[in-house]
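First comes the structure, then the notes that go with it.
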Amino acid sequence: MHIIQTKDYNDMSRKAANIISAQVIMKPDCVLGLATGSTPLQTYACLIDAYKNGDLDFSKVSSINLDEYRGLSHENDQSYHYFMKTNFFDHINIHPENTHVPDGMEPDAQKACDDHNAIIRELGGIDLQLLGLGLNGHIGFNEPDEYFAKETHCVDLTESTIQANSRFFASIEEVPTQAYTMGIQNIMMAKKVLIIVNGEAKADIVAKVILGPVTPQVPASILQMHPDVTLVADEAALSVYNRLRKETNK
Ligand code: F6R
């Protein structure tokens, strides 16, 4: 795992955007795997700036998102469809038909998941997968579990994730309890993985992801086995990792 430490959130976002920009410049028709959440917001803002400056062209890029809440319409302002449109897609020249977010309104869970897997296959796989990290080590909505889930599937969100996501909803009762998410195999098959993390609250889990045993109890720990992972994290998020590394001389 290649670890890049940044000063703060803005520095993390600029560096992450630079890595994604390099991917788009090197392969204009690349497939970007994208994430939502608060972590990538500034990364998307930097990519929008680069597009507006004429440095990036998304006209041949395809995107595929990690996850979507089950039962939220595309127009719901808490849906990941809405998040991606308003925070990224509407501000760049990506073709809407080349963007793919799991269909939260598809009531048949198996169909929603099969369709998403089929799109990944039809696109020829993911060139670069952007990930955030959950407080409990989740990636996408792959929550701590007894085993690593393979492809896109329907999950029951854990209490800690519902609690963490409730900050975006009027009340905790409104937070959906299920989501469609790519599986660990979908993520591990991406050619490159870029995971971005900021803030002290995630320092313990980041240390486990990098140094701990590979276990489905810390889903992101599987990234230790991926041949091309870059972790871009600020000083605060790497504080526990840096302390443990000093203590153990690793
Ligand atoms: C979002 C996603 C989640 C988030 C994670 C961190 O598409 O897949 O795994 O990346 O929950 O969320 P934030 O960035 O809000 O801390």
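For this structure, a couple of remarks:
- The spacing between region 192-250 and region 49-128, judged by their C-alpha centroids, is 27 Å.
- Hz values of 3J(HN,Hα) by residue in region 167-182 - Karplus curve (6.51, -1.76, 1.60), Gly and Pro given as x: 4, 8, 10, 4, 8, 5, 5, 7, 6, x, 9, 10, 8, 9, 9, 4
- Tensor-based shape of the chain (alpha-carbon gyration tensor, a/c under 1.5 rounded, otherwise prolate or oblate): rounded
- With both labels modelled 7 Å from their Cα along Cα-to-Cβ, the His2 to Gln217 distance reads 3.2 nm.
- By definition, a body whose alpha carbon gyration tensor gives a ≥ b ≥ c is oblate when a/c is 1.5 or more and a/b is not larger than b/c, and region 134-250 fits this oblate description.
- When each of the peptides 208-216, 193-201 is scored by the mean number of other C-beta atoms lying within 10 Å of its residues, the order from highest to lowest reads 193-201, 208-216.
- Cross-link pairs exceeding 26 Å between alpha carbons, from the set Lys111/Lys202; Lys27/Lys85; Lys27/Lys52; Lys85/Lys192: Lys111/Lys202.
- Where only DSSP H runs of four or more residues are counted, the chain gives -10000 deg cm²/dmol as its mean residue ellipticity at 222 nm, each run worth -39500 (n - 2.57).
- Linear extension gain, Ile25 paired with Thr86, 0.36 nm per residue minus alpha-carbon span: 19.6 nm
- The simple Förster model, with R0 at 45 Å and r as the Cβ-Cβ distance, assigns Ser59 and Asp204 a FRET efficiency of 0.60.
- Counted residue by residue at 0.36 nm each, then reduced by the alpha carbon distance between them, the extension gain from Ile162 to Asn10 reaches 52.1 nm.
Here, each number is a calculation from the coordinates, and none is a lab measurement. Everything quoted here is computed from the prediction, not taken from an experiment. Cβ sites come from the backbone with ideal geometry, for glycine too, and all protein chains shown count toward neighbours.
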